[in-house]
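S.K.: The structure under discussion is supplied below as structure tokens; questions concerning it will follow.
The values are calculated or read from the model by the stated rules, or taken from the named source; none is laboratory data. It should be emphasised that the depicted structure is a prediction, and the values quoted were computed from it without experimental measurement. Here the Cβ positions follow ideal geometry from the backbone for every residue, glycine too, while neighbour counts run over all protein chains shown.
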Amino acid sequence: MKDTKIYLTDNDIPKQWYNLAADLPSPMHPPLGPDGKPVTPDMLAPVFPMNLIEQEVSRERWIDIPPEILSVLYRWRPAPLRRARYLEQYLKTPARIYYKDESVSPAGSHKTNTAIAQAWYNKQFGIKRLITETGAGQWGSALSFACCLLGLECKVFMVRVSFDQKPMRKTMMKVWGGQCVASPSMDTEVGRKILAQDPTTPGSLGIAISEAIEETVKDKTGKTRYSLGSVLNHVILHQTIIGLEAKKQLKIAGEKQPDVVIGCAGGGSNFAGLAFPFVNDKIHGAKMTVIPVESSSCPKMTRGVFQYDFGDVAGMTPLLAMTTLGHQFVPAPIHAGGLRYHGMSPLVSQAIVEGLLEPRSCDQVKAYEAALLWAKTEGFICAPETSHAIAVAIDEALKAREEGKAKVILFNFSGHGLMDLVGYEKFLSGELQAYELPESELCASVDKIKGLPAAARNKSGKW
Ligand SMILES: Cc1ncc(COP(=O)(O)O)c(C=O)c1O
């Protein structure tokens, strides 16, 4: 029998990140400033350190991973690739299902990969304090951990609904020395304004980002910067270590290439981290289906518009060309907090426009059903975000059974759910319902961004 777990040695860890921007067949739209003109690197300088801005705008295909970053990542990387043999048997599918296990990182998800890289680059640049937002709490705990190892201070604005649902995430941040406040908060002007309008708002990632940026630029010492856990090109870049490892591991498992690659997508980083090295193969002729999966309560990829929009509620970020529901959209308080973001990474969005990706949405009941089947077959309790990818992996395995095809399905197991048991409890007691965003709400939110610049759907026509 072939191995169920495929490990790499420390020596096999990828030494470079992969940048899809170098290979996209159609050009990306540049980020725009408030005047509608492309932003220049120095305009981003109060928010990000210049070494990360250089990565953000880079069109280099391969970017070296500094050995100092690798030496931190060795704590859990290379991460295992596992075969979901027990689920395969249960489904009676001829498909071979593999998953990249990112739950083994100290903070419990893929977010730690970019947290370490961002903290390291900020430190190199002389920064002493990082400020960020977090949805589910995974990113906030990952950055708190990274700042702890690298000797930086860390403040995290955590979306109110997750702050209440996952109090132990806050404790994790505290263990690593991070400070966590519920967002919207009274610490910022944006937060105070939103609370005055709606004191019981569940909050959103868009609001928390506004608060984090406001607090960052308020500090005039030049020693504070903002850090984002998804969406931006440099974040996606750092996550490609996942797919690069998976490629080596699939080879060891005797697989030529996956037929289907799947990842759940909030801002797009775990999906892209796994998928982009394979998308490169697809661009160069390989046949495969690549599926980012969103929540049906926040369906920016399958039902949103592609145009310029802000990354945050208050409009403090540059305008990004992306699939979006409108930056003022406040998603329903589903338990997959990390999927409650109105927009999508510009790189992922452009790959969708190009026709390289086939986005799908999944509701929370279907996702929890998949999570329970997973726990009862494979054993692990997954993060609520991850369950969306598992649900689609199951759909694809059943399709392979119908077609009688021994397909290779690969997905990203982006995180464990041991801090997310309240959601499981609610599902088990029948409190959760399937939720599709009503068309009227979607239209009302998208209407609010009608005045923002359009983005042409650049497309090579190959897919
Ligand atoms: C476990 C897990 N998976 C997926 C996501 C979605 O984020 P992204 O699309 O950036 O990977 C999150 C976000 O918090 C998460 O915590």
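S.K.: For segment 301-325, name all the residues that are under 20 Å from C264 (Cα atoms) and modelled with pLDDT of 95 or more.
M.R.: In the first step, residues of segment 301-325 are kept if they are under 20 Å from C264 (Cα atoms); the result is 301-306, 311, 322-325.
Once the filter is applied, which keeps residues that are under 20 Å from C264 (Cα atoms) and modelled with pLDDT of 95 or more, segment 301-325 yields M301, T302, R303, G304, V305, F306, M322, T323, T324, L325.
S.K.: Determine which single condition P30 fails, assuming it passes every other condition in (1) under 22 Å from the mean Cα position of the chain (by Cα); (2) under 27 Å from F145 (Cα atoms); (3) not hydroxyl-bearing (S, T, Y).
M.R.: (2)
S.K.: Among (1) of a type outside the set (A, V, I, L, M, F, W, C); (2) in contact with a helix residue (DSSP H, G or I) (Cβ under 9 Å, 6 or more places away or on another chain); (3) not assigned by TED's automatic domain parsing to the domain that holds F145, there is one condition G254 misses while meeting the rest; what is its number?
M.R.: (2)
S.K.: Would you be able to say whether some residue in segment 92-112 is outside the structural domain of T216 (by TED's automatic domain parsing) and out of contact with any helix residue (DSSP H, G or I) (no Cβ under 9 Å at 6 or more places or on another chain)?
M.R.: Among the residues of segment 92-112, at least one is outside the structural domain of T216 (by TED's automatic domain parsing) and out of contact with any helix residue (DSSP H, G or I) (no Cβ under 9 Å at 6 or more places or on another chain), which makes the answer yes.
S.K.: I'd like to know if segment 175-184 contains one or more residues that are closer than 23 Å to P346 by Cβ, β-branched (V, I, T), surrounded by fewer than 22 Cβ atoms within 10 Å (Cβ to Cβ) and assigned by TED's automatic domain parsing to the domain that holds I131. Break it down into steps so the answer makes sense when it comes.
M.R.: Applying the first criterion (closer than 23 Å to P346 by Cβ) to segment 175-184 yields none.
Checking segment 175-184: not a single residue is closer than 23 Å to P346 by Cβ, β-branched (V, I, T), surrounded by fewer than 22 Cβ atoms within 10 Å (Cβ to Cβ) and assigned by TED's automatic domain parsing to the domain that holds I131.
S.K.: Check A119 against each of (1) buried (at least 24 other Cβ atoms within 10 Å of the Cβ); (2) farther than 17 Å from G273 by Cα; (3) in the same structural domain as T377 (by TED's automatic domain parsing) and name the one condition it does not meet.
M.R.: Failed condition: (3).
S.K.: Continuing with this model, one more query. What tally of residues in segment 8-29 results from selecting those that are within 23 Å of Q118 (Cα to Cα), in contact (Cβ under 8 Å) with a residue 24 or more places away in the chain and either among the aromatic types (F, W, Y) or outside any strand (DSSP E or B) (or both)?
M.R.: So in segment 8-29, the residues within 23 Å of Q118 (Cα to Cα) come out as 10-22.
Pick out the ones that are also in contact (Cβ under 8 Å) with a residue 24 or more places away in the chain and you get 10, 12-22.
Next, only the ones that are either among the aromatic types (F, W, Y) or outside any strand (DSSP E or B) (or both) stay: 10, 12-15, 17-22.
Going through segment 8-29 one residue at a time, the tally reaches 11.
S.K.: In segment 262-283, which residues are within 15 Å of the ligand (Cβ to nearest atom), aliphatic (A, V, I, L, M), more than 9 Å from the chain's Cα centre (by Cα) and closer than 22 Å to S26 by Cα?
M.R.: The answer is L274, A275.
S.K.: Being acidic (D, E), without any contact (Cβ under 8 Å) to a residue 24 or more places away in the chain and either under 26 Å from L421 (Cα atoms) or assigned by TED's automatic domain parsing to the domain that holds K407 (or both): is that true of D164 here?
M.R.: On the way: acidic (D, E): yes; without any contact (Cβ under 8 Å) to a residue 24 or more places away in the chain: yes; either under 26 Å from L421 (Cα atoms) or assigned by TED's automatic domain parsing to the domain that holds K407 (or both): yes.
Yes; evaluated as a whole, the condition is true for this residue.
S.K.: Can you pull out the residues in segment 239-263 that are under 13 Å from L20 (Cβ atoms) and not hydrophobic (A, V, I, L, M, F, W, C)?
M.R.: The answer is Q239, T240, G243.
S.K.: Same structure, new question: Given segment 126-181, what helices (runs of 4 or more DSSP H) lie entirely inside it while holding 3 or more residues that are away from the ligand (no atom under 14 Å from the Cβ)? Talk me through it step by step, then tell me what you get.
M.R.: Working: elements: 138-150, 160-165, 167-175.
The qualifying helices (runs of 4 or more DSSP H) are 138-150, 167-175.
S.K.: Condition first: over 21 Å from K248 (Cβ atoms), away from the ligand (no atom under 14 Å from the Cβ), part of a helix (DSSP H, G or I) and not acidic (D, E). Now tell me which residues in segment 80-122 satisfy that.
M.R.: Within segment 80-122, Y86, L87, Q89, Y90, L91, A119, W120, Y121, N122 qualify.
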